[in-house]
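Only one structure is covered here, and it is reproduced in the block below.
The values are calculated or read from the model by the stated rules, or taken from the named source; none is laboratory data. Everything numeric in this text was worked out from a predicted model, so none of it was measured. In this analysis, Cβ positions are derived from the backbone assuming ideal geometry, glycine residues included, and neighbour counts consider all displayed protein chains.
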Amino acid sequence: MAATLAGVPIEADILIDWFDEHGRDLPWRHPECTPWGVLVSEIMLQQTPVARVQPVWLEWLDRWPRPSSLASASQGEVLRAWGKLGYPRRALRLHAAASAIATEHGDRVPDDVDTLLALPGIGAYTARAVAAFAYGKRAPVVDTNVRRVVARAVHGAGDAGPASNTRDMADVEALLPSSDTPAARFSAAIMELGALVCTARSPRCADCPLTGLCAWQRAGKPAYSGPAKPVQKFAGTDRQVRGLLLDVLRNTSGPVAKTALDAVWSKSGQRDRCLHSLLEDGLVEQTTDGHFALPGEH
């Protein structure tokens with residue numbers, strides 16, 4: 001079974017067989033994992049490594065095994081449990097999605113892409129990932145790893161370049177096997193290949209099941225010559241400061257004075273700008289007496 005794009009085949013059977021042997025044993029891939037567990041994992045895994053996600057995911061599913069159980073928690077509880085995963089707005093989006101699933105869908109995660117997209121905070125990637133990985137449906141699931149594998153194996157480029165949702169989705173759609181189950185397995189396999197073998201900096205081409213078909217290999221592995229990707233910094237950025245401010249609130253049980261927040265960062269202009277952005281994002285609330293707390297905890 002081969003899918004073809006621009007005249008270059010990817011043997012789906014070869015890739016799926018490789019995945020069956022080499023795919024990581026992750027709890028959200030276990031047969032007993034619920035669609036809710038898959039949805040939680042997909043939100044947590046966005047821009048966060050598996051090693052950091054797995055222990056938090058296990059704690060969350062033990063504490064909130066259904067959408068309704070998370071929906072019944074306060075936003076402050078959810079943010080505190082999110083801990084150091086980063087990008088904490090994801091926690092609030094997941095909380096909002098859980099509330100909608102509990103009230104509008106009988107506490108069952110929807111199984112079709114359009115209904116998933118209608119949930120608050122669920123975008124194109126997450127909707128298709130849940131449809132594929134929780135329900136075994138045929139849906140093009142596109143992340144950075146998938147884009148890189150397609151760029152190399154199919155197009156012969158060193159990397160994928162700037163994302164284009166329309167182009168990238170069409171590329172992967174053309175590669176998917178026609179029926180649901182193998183298409184879902186293929187989606188998981190191509191993503192895993194990008195994560196473990198066809199990596200950005202040190203691809204392990206000798207271990208790749210597609211090495212004999214790879215257009216990049218056949219072209220002599222040319223270096224990527226497209227637009228440079230922005231390097232994400234952390235130290236000294238607003239993202240770091242926002243995290244430090246949230247840490248103060250997560251480590252207390254109630255509202256704190258602004259002086260406690262002022263102590264975590266010496267640059268007052270940047271600190272106050274970050275605090276204001278946290279208030280705007282709904283991650284922090286200010287009390288009537290001027291103190292600050294996680295949402296719902298004052």
Qualifying residue in segment 50-73 (condition: assigned to a loop (DSSP other than H, G, I, E, B) and at pLDDT below 95): no
Among the residues listed as V141, V149, V172, V154, the single one being aliphatic (A, V, I, L, M), under 17 Å from A12 (Cβ atoms) and touching a Cys at 6+ places or on another chain (Cβ under 7 Å): V149
Residue that is farthest from the chain's Cα centre (by Cα), among those in segment 99-128 that are outside any loop (DSSP other than H, G, I, E, B), farther than 21 Å from Q47 by Cα and touching a residue at least 24 places away in the same chain (Cβ under 8 Å): T103
Positions within segment 161-190 being closer than 30 Å to P227 by Cα and either β-branched (V, I, T) or not in a helix (DSSP H, G or I) (or both), in sequence order: G161, P162, A163, S164, T166, V172, L176, I190
Qualifying residue in segment 282-289 (condition: farther than 18 Å from Q75 by Cα and of a type outside the set (F, W, Y)): yes
Subset of segment 285-298 that is closer than 21 Å to R93 by Cβ and not small (G, A, S) - its residue that is surrounded by the most Cβ atoms within 10 Å (Cβ to Cβ): L294
Subset of segment 257-284 [surrounded by 17 or more Cβ atoms within 10 Å (Cβ to Cβ) and in contact with a strand residue (DSSP E or B) (Cβ under 9 Å, 6 or more places away or on another chain)]: L261, L275, L278, V284
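Before we move on, is T34 in contact with a Gly (Cβ under 7 Å, 6 or more places away or on another chain), in contact (Cβ under 8 Å) with a residue 12 or more places away in the chain and either closer than 20 Å to T181 by Cβ or not aliphatic (A, V, I, L, M) (or both)?
no
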Qualifying residue in segment 97-120 (condition: more than 15 Å from V38 (Cα to Cα) and in contact with a Lys or Arg (Cβ under 7 Å, 6 or more places away or on another chain)): yes
Residue in segment 95-109 that is among the acidic types (D, E) and within 18 Å of N145 (Cβ to Cβ) present: no
Failed criterion for D238 (all others in (1) more than 17 Å from V146 (Cβ to Cβ); (2) buried (at least 17 other Cβ atoms within 10 Å of the Cβ); (3) within 24 Å of the chain's Cα centre (by Cα) hold): (2)
Yes/no for A51 being small (G, A, S) and either surrounded by 18 or more Cβ atoms within 10 Å (Cβ to Cβ) or under 27 Å from P182 (Cβ atoms) (or both): no
